[in-house]
Amino acid sequence: MLYAEKLKYVFYVIFHPADGFWDLKREKRGSLSASLTFVVLTVFTLGMEKLNTAFLFNNNRISEVNVLVDVITVLLVFVLWCVANWCTTSLMDGKGRIRDIFTAIGYALFPIILIRLPLVFASFCLTAEEGAFYEIFGFLSYLWTAVLIFMGTMMTHEYSLGKTIFTCMITILGMGIILFIGLLFFNVISEIIVFVSTIYKEVRFR
């Protein structure tokens, strides 16, 4: 299947998630490269939203927006979910490989692109009275994505409804644990660097 067809397959996935995610893994209808394309487009969309949404619906101060921080945040959440989910499902008889998880979650992000990117341009045409539509569609994009992530997890690992709910809860907990360990590790490394640097200066100037 061509790369363009793997990209186009996302429309089948978001409207037929059960069959879509099943075929995504079993029939190789998608690909990791296409999935990562959607991740990049999601980062681009959220960046555009912060920088270019009409002032009437934009709560961000443009001068204070750090695009790099936003990019890192989105990518960190994406990677943390995939890694935590893989660690969790490896212990719970999950059928998905880490590659399958990355692929499914990347495709699940597409509603954010599909809805929120057009909203950036639509924000210049809406009045304050019509702002409710902007908020509803914005919320819908995240809700739709959350449902797709849930369905992607269920189909990728061949879980029941109850086991998928439990797995998602443990995955969120796992994300927090991984983040805590990562921050603790970097804090220890920074302390070691400061300690070694201090010892070096003491030896050098004596």
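Every read-out reported here was derived from the displayed coordinates using simple, explicitly stated rules and does not represent laboratory data. Here the structure is a predicted model, which means the values were calculated and not measured. All Cβ positions, glycine included, derive from the backbone under ideal geometry; neighbour counts span all protein chains shown.
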Quiz prompt | At most 12 other Cβ within 10 Å, DSSP loop - chymotrypsin sites (Phe, Trp or Tyr not before Pro), region 26-134 | solution = 55, 124
Practice problem: Springs between alpha-carbon atoms under 10 Å, Gaussian network over the chain: tell me which of 90, 141, 63 tops the mean-square fluctuations. | Solution: 63
Quiz item: Considering only DSSP states other than H, G, I, E and B, which trypsin sites (Lys or Arg not before Pro) in region 27-130 qualify as loop sites with at most 14 other Cβ atoms within 10 Å?
Solution: 28, 61, 95, 97
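Can you give the net charge of the other residues whose Cβ lies under 12 Å from the Cβ of residue 89, counting K and R as +1 and D and E as -1?
In short, 0.
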Practice problem: Starting from one equal scatterer on each C-alpha and no solvent at all, send me the Debye-based log10 I(q)/I(0) for region 90-188 at q = 0.10, 0.12, 0.13, 0.22 Å⁻¹, two decimals. | Solution: -0.42, -0.57, -0.64, -1.07
Quiz prompt | Selected from 135, 158, 64 as most flexible by GNM, with the chain as the system and alpha-carbon contacts under 10 Å | solution = 64
Self-check item: Alpha-carbon centroids, region 1-22 and region 149-206: separation in whole Å
Solution: 32
Self-check item: Volume per residue that the Cα convex hull of region 32-86 spans, once the total is divided by residue count, Å³
Solution: 87
Practice problem: Per residue of region 147-154, in order, report the coupling 6.51 cos²θ - 1.76 cosθ + 1.60 (Karplus, θ = phi - 60°) as ³J(HN,Hα) in whole Hz, putting x for Gly and Pro. | Solution: 5, 5, 4, 4, 5, x, 5, 4
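What do the square roots of 5 times the Cα gyration tensor eigenvalues come to for region 3-204, in whole Å, largest first, as semi-axes of the equivalent ellipsoid?
One finds semi-axes of 33, 28, 15 Å for region 3-204.
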Practice problem: Please list, in chain and number order, the residues 5+ apart from residue 29 or on another chain whose amide H is under 5 Å from its amide H, with Hs placed from the backbone. | Solution: 24
Quiz prompt | Square roots of five times the Cα gyration tensor eigenvalues for region 1-118, Å | solution = 29, 18, 11
Quiz item: Computed over the Cα atoms of region 1-43, what is the ratio Rg over Rh, Rh following Kirkwood?
Solution: 0.95
Quiz item: Using a Gaussian network for the chain with springs between C-alpha atoms less than 10 Å apart, which of these wobbles most: 178, 136, 170?
Solution: 136
Practice problem: Just need the Rg to Rh number for region 71-125, please, alpha carbons only, Kirkwood Rh. | Solution: 1.16
